[in-house]
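The structure appears below as structure tokens.
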């Protein structure tokens, strides 16, 4: 059977594209490397999820210094969306433009171009805000009384309103996978709606090993080959394996087909990797904290325009894991009861040397070359922002401890196949098609030329809906 579309991956971008295309009566095959997560409660078990990390990828990578590390990636149906904190914010309209001073690339589209898709995905995911809870309200008021420049806003979340009625789910959604479907994510909100569709097929537990070009035209992808040797053909192929994995598939294909030398965009594949500069902060006070969701408010500050702050949706069991091991565990438990966690992020600059590369002759392992020293302005803003928010919490009566998120923390990985007008500086065009290719598109976070100051998930969903809409219109007009 020849499908209209094959989609590689099952995260935010792939699920949105599949939902749109299947409902437009296109025959769609979606291939996911991982399998469906169990529903036995283990995905909300602190020991199994956090301490043992049994659901995380064990795939080793090399860093800039050729040292081994294991990125915090997930291979399962629904991808990272099963584990994300469900903070679903739009990129500000100003963040679609290039920022030369901060060394950030611009989008080939505007905010207004993406508004219809933003509207649609927010409706599909049931994005809403929640009332601020008592402990966080005290913190909010303490910061608001200061002349610090920090402004708070309700944080849009992809959570069911009923989650507050289930304490375990409410306390274990950020970094955990819901067992009751109370978190809006790729599988629950989108793929599950396609399960009874005759024109949709899902393959799990097998990865795509190779893109296969047409014999007489390598610019047209004729089929994909899985790790079991099976091949499937389609009129169009959508890459959505994520910013760390899609570029490796494309690099392999360009190298095997000889297109590396002839397509200008080939030199950009894997470059401009972005992940946000991230810091976790714990704020301690004398009183025990009883909030459930916690993650209901975000802070912005015009003095730090590329940065944002949001609470971690972590209860004491997870917060304890962020307390240094040098602290006795009995004391750490007491501290955890009195702690509130925060997630501080700053957009990292675009830099071509921050990149993902496939295996080289010296190693069979993929490599992630990423160096904060290449982004001095972004790094400086982040440090200033961390000090500023810490100072505000101190004035509000809290003692703070911070921990930088290491390279392995790839939750917000994007870039590597950036969208743009010029094939010399980008990989895909404004409709997601790889420059110079006939039928290959990208619908995951790798297309983002800017990560902005907020979480990228909602924009990945929206981008994918927009690409799928274009493919439908193109087919109808063709």
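Any residue that is part of a helix (DSSP H, G or I), under 20 Å from residue 253 (Cβ atoms), under 20 Å from the mean Cα position of the chain (by Cα) and free of Cβ contacts under 8 Å to residues at least 40 places away in the same chain - is there at least one of those in segment 443-461? Yes, segment 443-461 has at least one match. For residue 421, the stated conditions hold: it is touching a residue at least 60 places away in the same chain (Cβ under 8 Å) and out of contact with any helix residue (DSSP H, G or I) (no Cβ under 7 Å at 6 or more places or on another chain). Can you name the residue in segment 51-61 that is more than 19 Å from the chain's Cα centre (by Cα) and either part of a strand (DSSP E or B) or in contact (Cβ under 8 Å) with a residue 40 or more places away in the chain (or both) and, of all such residues, is surrounded by the most Cβ atoms within 10 Å (Cβ to Cβ)? Of everything passing the filter in segment 51-61, 60 is surrounded by the most Cβ atoms within 10 Å (Cβ to Cβ). When each of 367, 374, 387, 391 is tested for being out of contact with any strand residue (DSSP E or B) (no Cβ under 7 Å at 6 or more places or on another chain) and under 30 Å from residue 59 (Cβ atoms), the lone residue that passes is 374.
Checked against (1) in a helix (DSSP H, G or I); (2) buried (at least 23 other Cβ atoms within 10 Å of the Cβ); (3) in contact with a helix residue (DSSP H, G or I) (Cβ under 8 Å, 6 or more places away or on another chain), residue 385 meets all criteria but (3). Comparison of 231, 195 shows that the only residue that is surrounded by fewer than 17 Cβ atoms within 10 Å (Cβ to Cβ) and at pLDDT below 95 is 195. Exactly one residue out of 80, 64 is out of contact with any strand residue (DSSP E or B) (no Cβ under 7 Å at 6 or more places or on another chain) and either in a helix (DSSP H, G or I) or at pLDDT below 95 (or both): that is 80.
Please go through segment 404-419 and pick out each residue that is in a strand (DSSP E or B) and closer than 9 Å to residue 278 by Cα. Result: 404, single match.
Among the residues of segment 67-77, those that are farther than 18 Å from residue 9 by Cβ and part of a strand (DSSP E or B) comprise 68, 69.
Within the option set 220, 259, being more than 24 Å from residue 469 (Cβ to Cβ), more than 28 Å from the chain's Cα centre (by Cα), in contact (Cβ under 8 Å) with a residue 24 or more places away in the chain and not in a helix (DSSP H, G or I) holds for one residue only, 259.
Selection of segment 19-50 for residues being within 28 Å of residue 249 (Cα to Cα) and part of a helix (DSSP H, G or I) yields 19, 20, 21, 22. Test residue 117 against the stated conditions and say whether it is touching a helix residue (DSSP H, G or I) at 6+ places or on another chain (Cβ under 7 Å), modelled with pLDDT of 95 or more and not in a loop (DSSP other than H, G, I, E, B). It is true that residue 117 is touching a helix residue (DSSP H, G or I) at 6+ places or on another chain (Cβ under 7 Å), modelled with pLDDT of 95 or more and not in a loop (DSSP other than H, G, I, E, B).
Condition check ((1) farther than 20 Å from residue 432 by Cβ; (2) crowded, with 17+ Cβ neighbours inside 10 Å; (3) in contact with a strand residue (DSSP E or B) (Cβ under 9 Å, 6 or more places away or on another chain)) across all residues:
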position: 174; (1), (2), (3): yes, yes, yes
position: 190; (1), (2), (3): no, yes, no
position: 207; (1), (2), (3): yes, yes, yes
position: 225; (1), (2), (3): yes, no, yes
position: 235; (1), (2), (3): no, yes, yes
position: 238; (1), (2), (3): no, yes, yes
position: 253; (1), (2), (3): no, yes, yes
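In segment 145-153, is there at least one residue being in a helix (DSSP H, G or I), modelled with pLDDT of 95 or more and either in contact with a strand residue (DSSP E or B) (Cβ under 8 Å, 6 or more places away or on another chain) or under 26 Å from residue 39 (Cα atoms) (or both)? For segment 145-153, residues in a helix (DSSP H, G or I), modelled with pLDDT of 95 or more and either in contact with a strand residue (DSSP E or B) (Cβ under 8 Å, 6 or more places away or on another chain) or under 26 Å from residue 39 (Cα atoms) (or both): absent.
Condition check: under 18 Å from residue 77 (Cβ atoms) and either without any contact (Cβ under 8 Å) to a residue 12 or more places away in the chain or outside any helix (DSSP H, G or I) (or both). Does residue 233 satisfy that? In short, no. In this entry, residue 333 is excluded by the filter for residues that are under 23 Å from the mean Cα position of the chain (by Cα), modelled with pLDDT under 95, surrounded by fewer than 19 Cβ atoms within 10 Å (Cβ to Cβ) and not in a loop (DSSP other than H, G, I, E, B).
The values are calculated or read from the model by the stated rules, or taken from the named source; none is laboratory data. Everything numeric in this text was worked out from a predicted model, so none of it was measured. Every residue, glycine as well, gets a Cβ built from its backbone with ideal geometry; the counts of neighbours run over all protein chains shown.
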